[in-house]
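Down below is the structure, laid out as structure tokens.
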Amino acid sequence: MSLRLLHTADWHVGRTLRGRSRAAEHEATLDQLVALADDQRVDLVVVAGDLFDTAAPAPEAERLVYRTLLRLADHGRQVVVIAGNHDHPRRWAAVEPILGLAHVHVQPFVVAPAQGGVVELDVAGTPTCIALLPWLSQRHAVTADDLLNHDADQHNQSYLDRMRRVAAALCRPFDGDRVNLVVGHLTAVGATVGGGERQAHTIFDYAVPASIFPPTAGYVALGHLHRHQRVDGPAPTYYAGSPLQLDFGEGDNAPTAVVVEMAPGRPARIEAVELDAAPRLRTLTGSVAELEVLARNTGDAHLRLVVREQHRAGLADELRARFPRAVDVRIEPVEQPGEDGNGHAGTAIPRRLGRSPQELFGEFLAHQSIDDPRIGAMFAELVEQDSSEAHDGGDDDAA
């Protein structure tokens, strides 16, 4: 017997675009996912984390996510969900018993196989073993490793070492008589970021190789990076990618879901399906006249305009009126020889208005001739932790 699997991740419901709601676009996208599950006669759906964009989602976002999960569970389908770094695991734990009544299996935490870290299901007559690896931050890796392997004397081991042992413990029940799956939310070594992820959670000490998953896994379904891609490893390992472009840094990403056909002891058949329910995001750069030409072929895309002309009063408002689809307008004045960024003679001074704290801190490090990317990563994590605590009332489990 074989089964058909739909792999999706990184919905980020509740994400806005420069302050504009994208609720209608998210609803249309999730409707398309449900239709895809129906059209492809899917038996099992896995959602590999980051269903919400924030640890404290609005009620409208919760309604859309929970309703979509219940719709995906129609027609006897099984649905498996893990928490990502944007999700609040305790909020998921609160609704898990209710969703479980509708065959939606939720795992917010990394736990031992016997405690829910491995789910064993009969999917369309096919015995299926699913190892669940939700987002595991560095500060929680020690606890999870102790829970699964009982080696509290090794607290000085690296994040990678602990992730390797956690993955080995979760995959230990795999055997050749079942379909074996891994569902994880993590950064894999060698993968390409999508452009809209949290910087501090995608680089350096958080990256692990796909070799932590054994060849006995028939398919490894990952979330966290927003670009659909395969990662080299002993087992077929894929990021589903986000089903819609979430930020202008993702302009080259094709929104995707993955359909997989699997059977015990047979190679998985994998098909990427491009989704088009939400408008794309495009960045256009040039003079006003050049932007007029470029914008003719952008359809209903949301636009970020980078205008290279001398600044004048009312220019930004003029551009917003001329380009109704523009949600972000940036003016990069054309500097005259010998002038700085403010039109004065002397050394050019970088513009700071509208730039992120990470960009400004990176500029400071460069000015001080400090070339250590770990410092920038730690600063980015502090900024994101502060932002998360501001939204979450100080509960650090949301990160």
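The values are calculated or read from the model by the stated rules, or taken from the named source; none is laboratory data. These figures come from a predicted structure and were not determined experimentally. Backbone-built Cβ (ideal geometry, glycine too); neighbour counts: all protein chains shown.
Per-structure values
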item: Tally, over the stretch 29-56, of residues that are surrounded by fewer than 16 Cβ atoms within 10 Å (Cβ to Cβ) and part of a helix (DSSP H, G or I); result: 4
item: Hits in the stretch 260-317 (condition: basic (K, R), more than 25 Å from the chain's Cα centre (by Cα) and not in a helix (DSSP H, G or I)); result: R266, R308, R312
item: Residue that is modelled with the lowest pLDDT, among those in the stretch 199-251 that are over 13 Å from the mean Cα position of the chain (by Cα) and among the acidic types (D, E); result: D205
item: Which numbered condition H75 fails, given (1) closer than 23 Å to P279 by Cα; (2) outside any strand (DSSP E or B); (3) not hydrophobic (A, V, I, L, M, F, W, C); result: (1)
item: The stretch 220-236 residues that are at negative phi, paired with ones that are of a type in the set (K, R) (beta carbon under 8 Å, 6 or more apart); result: P236/R230
item: Some residue of the stretch 320-332 being out of contact with any Leu (no Cβ under 6 Å at 6 or more places or on another chain), in contact (Cβ under 8 Å) with a residue 60 or more places away in the chain and not aliphatic (A, V, I, L, M); result: yes
item: Residues located in the stretch 294-318, provided they are small (G, A, S) and modelled with pLDDT of 90 or more; result: A295, G299, A301
item: Total residues in the stretch 243-270, condition touching a residue at least 60 places away in the same chain (Cβ under 8 Å), more than 21 Å from D38 (Cβ to Cβ) and either touching a Phe, Trp or Tyr at 6+ places or on another chain (Cβ under 8 Å) or of a type in the set (G, A, S) (or both); result: 2
item: Unique residue being of a type in the set (F, W, Y), buried (at least 18 other Cβ atoms within 10 Å of the Cβ) and under 18 Å from G84 (Cα atoms) when the list is Y238, Y219; result: Y238
item: The stretch 186-198, residues that are out of contact with any Asp or Glu (no Cβ under 6 Å at 6 or more places or on another chain) and at pLDDT below 85; result: V193, E197
item: Filter result (touching a residue at least 40 places away in the same chain (Cβ under 8 Å) and over 23 Å from the mean Cα position of the chain (by Cα)) within the stretch 75-97; result: R77
item: Some residue of the stretch 173-185 being in contact with a His (Cβ under 9 Å, 6 or more places away or on another chain), farther than 16 Å from G218 by Cα and at pLDDT 95 or above; result: yes
item: Considering residues of the stretch 57-97 that are acidic (D, E) and surrounded by fewer than 16 Cβ atoms within 10 Å (Cβ to Cβ) only, the residue nearest to G14 (Cα to Cα); result: E60
item: Any hit, the stretch 276-285, residues being in contact with a Lys or Arg (Cβ under 8 Å, 6 or more places away or on another chain) and surrounded by fewer than 19 Cβ atoms within 10 Å (Cβ to Cβ); result: yes
item: Count of the stretch 98-126 residues which are more than 23 Å from the chain's Cα centre (by Cα) and within 22 Å of W11 (Cα to Cα); result: 4
item: Selection count, the stretch 14-26, where residues are in a helix (DSSP H, G or I), touching a residue at least 12 places away in the same chain (Cβ under 8 Å) and over 20 Å from G223 (Cα atoms); result: 2
item: Selection status of T128, in a helix (DSSP H, G or I), modelled with pLDDT of 95 or more and either in contact with an Asp or Glu (Cβ under 6 Å, 6 or more places away or on another chain) or surrounded by 21 or more Cβ atoms within 10 Å (Cβ to Cβ) (or both); result: no
